Amino acid sequence: MRVLIVGAGPTGLTLGIDLARRGVEVRIVDRAEEFFAGSRGDGIQPRTLEVLDDLGVLEAVLKEGAPPAPTRVHLDGRAVGERRMFAPREPRPDVPYPNPWVLGQSQLEGILRARLAAFGVRVESGTALVGLEQDADGVTARLSTGESDRADHLVGADGGASLVRKAIGVAFPGTTDETFRMLIGDVRAPDLDPAFGYWFAAGDDPAEGVGLSPLPGTGMFQFVTRLGTGDDASLTTMQAALDRFSAGVRLTGHGWSTVWRPNVRLADRYRSGRVFLAGDAAHVHPPTGGQGMNTGVQDAYNLGWRLAAGHDLDGYERERRAVAARVLGATTALLNRYTEGREDAYRRGEENYGLDITYRAPGATGHLVTGDRAPDAPVLDATGARVRLFDLFRGPHSTRLV
C-alpha cells in the first residue's frame, strides 16, 4: 500500500503520521518552498487534543502551548474588566482534556513534522501537483519536478484552492462575501502583558474593535480587526486601527498576516475513485469558533485507518461530510453574532469542543454505542495494574474491552 498526500498542513501531516504508524508507505508533498510561519489556526479543541494524544505528540503540544488567556477589555482607552471566551472546566475521568489549548499553527506543524520524521517520512517542499490520472489500480500524479508518481491512493489536503479537488471535478458550492473583511496577523506589542489577551473598542460600540491574543512561546500576539475599504494587511494599517481605540499601545513587529473574507463552502463529494479530499480542500469555514484546522485533523484521523485497512472507504465521506456541514452551520452562526454587533459574540461553549461528535447509525439509542467517542476512564489491566483507557487505546491497534 502506498499513499501520496498533497499538502503538508495539519491535515496532511496528521494523515501522514497515522498511515506511517500503520506501516503504510507515505509520500507527502507541498507546493510551498518554505514551511508556513505564523499563528493562523491557533486554537486546538479538546477532541483534537485526544487525537494528538493517540498520535504521540500531545506532550510536546502541551509543553509549547498554553490555556486561553483571559481578555482585558478596554473601552474608550480605559480598562473596564476581564472576560473569557471559554469557561474553564475541570478534567474528569472520561474527559481528561476538557479545555481548548492555544498553540500557533506553525508550531503545531513543526511538532507534527518531527513525529512524521520519526517514521522516516519527510515533507518534500517546493513540489506541487500539476495533474493526475487514475484507473482501477491506482493514481498517477504529475509533479512540478517533472516526475510522475504512482500510488494506490492520493489524498488532497491542499487547501481551499485545492488543485486535487479541481482535477477530479468536485464542485465546491457555498458563498463568499466580499463586503466583509477581517485583518488577522501576528504582531509584537511590547506595552502589553502576554499573560492576557486584549479587546480595545469604543464605549458606544463595544462589539466593534481590535483584539490581541497572546501566542505562547513567540513573544507575539494574534491581531484581529474588521478591515476598512481599501486597507491592506500592513503593520501601518494595524497600528492605525489600534490607535482608534487604545491609549498609545505600540505595535513594533509584524509577522504573518492575511485578509479574510467570509468564505463558507462544502465539497459535493469527498471521494472520486482512489482520490480523497480532506481539510480545507473539502470544507472552508469562518474563523469564528476555531473549527477549520480541528475539523481537518479529524478528517485525517477518520481516513487513515480506512486507507490502511482498505475497508469501508465510502464511510469516510458519509461520516465526515455530515460533521463538516454541522460545523459550518455553527461557525456561520457565530460569525453572524459578530456581524450583528452582539456583545456576547466572543463567547464559545462546549459545542465547539468536538466531544459530542458521533458517527452512530441513525436511530441508534443508548448511552454509548458504536460510532460514539470512546471515553477515557481509570481501569485495571489483566495484571491488576491501574491504567487509563486512553493508554490502552493509544496506537494503531484496535482494542476490545470485555
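Contact map, segment 214-239: first residue free of Cβ contacts under 8 Å to residues at least 24 places away in the same chain and assigned by TED's automatic domain parsing to the domain that holds residue 39, second residue buried (at least 23 other Cβ atoms within 10 Å of the Cβ) and acidic (Asp, Glu), Cβ cut-off under 8 Å, separation 6 or more or different chains; the map is empty. Within segment 235-293, the set of residues being buried (at least 17 other Cβ atoms within 10 Å of the Cβ) and among the basic types (Lys, Arg) comprises 265, 271, 274.
The single condition among (1) polar (S, T, N, Q); (2) farther than 22 Å from residue 262 by Cβ; (3) crowded, with 20+ Cβ neighbours inside 10 Å that residue 134 does not satisfy is (3). Condition check for residue 246 on (1) in the same structural domain as residue 21 (by TED's automatic domain parsing); (2) touching a residue at least 40 places away in the same chain (Cβ under 8 Å): one failure, at (1). Scanning segment 110-167 for residues being outside any loop (DSSP other than H, G, I, E, B) and among the β-branched types (Val, Ile, Thr) gives a total of 6.
Scanning segment 214-252 for residues that are hydroxyl-bearing (Ser, Thr, Tyr) and either over 30 Å from residue 63 (Cβ atoms) or in contact with a Phe, Trp or Tyr (Cβ under 6 Å, 6 or more places away or on another chain) (or both) gives 225, 229, 234, 236, 237, 246. Can you tell me which residues in segment 253-270 are of a type outside the set (Ser, Thr, Tyr) and either over 17 Å from residue 219 (Cβ atoms) or out of contact with any helix residue (DSSP H, G or I) (no Cβ under 9 Å at 6 or more places or on another chain) (or both)? Matches in segment 253-270: 255, 259, 260, 261, 262, 263, 264, 265, 266, 267, 268, 269. Tallying residues that are among the charged types (D, E, K, R) and surrounded by 15 or more Cβ atoms within 10 Å (Cβ to Cβ) within segment 209-234 yields 2.
The set of residues in segment 344-370 that are surrounded by 13 or more Cβ atoms within 10 Å (Cβ to Cβ) and either of a type in the set (Val, Ile, Thr) or modelled with pLDDT of 85 or more (or both) comprises 353, 354, 355, 357, 358, 359, 360.
Return a yes/no flag: does segment 91-99 have any residue that is in a loop (DSSP other than H, G, I, E, B), under 20 Å from the mean Cα position of the chain (by Cα), surrounded by 21 or more Cβ atoms within 10 Å (Cβ to Cβ) and not assigned by TED's automatic domain parsing to the domain that holds residue 18. Yes: one or more hits.
The values are calculated or read from the model by the stated rules, or taken from the named source; none is laboratory data. Predicted model only: the values in this text are computed from it and were never measured. Positions of Cβ are generated from backbone atoms using ideal geometry, with glycine treated the same way; all protein chains shown enter the neighbour counts.
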